[in-house]
Amino acid sequence: GPGIAALLTRVREQHSLRAAAMSMGMAYSKAWRIVNEAEGQLGCKLIERDGARGSTLTPAGERAIKAYETLQADINQVIAAKADALIAIIKE
């Protein structure tokens, strides 16, 4: 499903977790759970909730976008390599 990086990117653009969730066709409760779980795993806040200004990313939130994008690229490369190897085995 939609990852934390995509969600954080939308929050950065829209200054609202609710608006970010809506723009992704996701329930606010689900978006909140994704952020909450990521914050729990990382042990730091990713989003700063400020009543007047809405939500902004913390410095950790900014770094998380880059880190998760890098991780996803690595994962995609591994999957592509494995797929090629499987196809080779099947075609033997």
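For the reader, a short list of remarks on this structure follows.
- Near Ala31: Cβ cut-off under 15 Å, other residues only, Lys/Arg at +1 and Asp/Glu at -1. The net charge is +3.
- Qualifying lysines (Cα of each under 19 Å from Cα of Lys91; at least 8 residues distant if same chain): Lys82
- Around Ala19: net Lys/Arg minus Asp/Glu count, Cβ-Cβ under 14 Å: +4
- Mean residue ellipticity, 222 nm, helices only, the chain: the sum of -39500 (n - 2.57) across DSSP H runs of n ≥ 4, divided by residue count and rounded to 500, is -24000 deg cm²/dmol.
- Equivalent ellipsoid of the chain: semi-axes from √(5λ) of the C-alpha gyration tensor, largest first, are 33, 14, 10 Å.
- Farthest positive-ward along the chain dipole, Cα basis, beta-carbon charges - from Leu46, Met22, Thr58: Met22
- Ordering Gln77, Leu8, Ile89 by Cα displacement along the dipole of the chain toward the positive end leaves Leu8 in first place; charges were set at the Cβ atoms of Lys, Arg (+1) and Asp, Glu (-1).
- Total charge dipole magnitude, the chain, about the Cα centre, Cβ charges on Lys, Arg, Asp, Glu only, Debye to nearest 20: 300 debye
- Bridgeable aspartates and glutamates around Lys45 (alpha carbons under 14 Å apart, same-chain partners fewer than 8 residues away excluded): Glu37, Glu62.
Values quoted throughout were computed directly from the atomic coordinates according to the rules given, and no laboratory measurement underlies them. Remember, predicted model here, so these are calculated numbers, not experimental data. Every residue, glycine among them, receives a Cβ derived from its backbone with ideal geometry; neighbour counts consider all protein chains shown.
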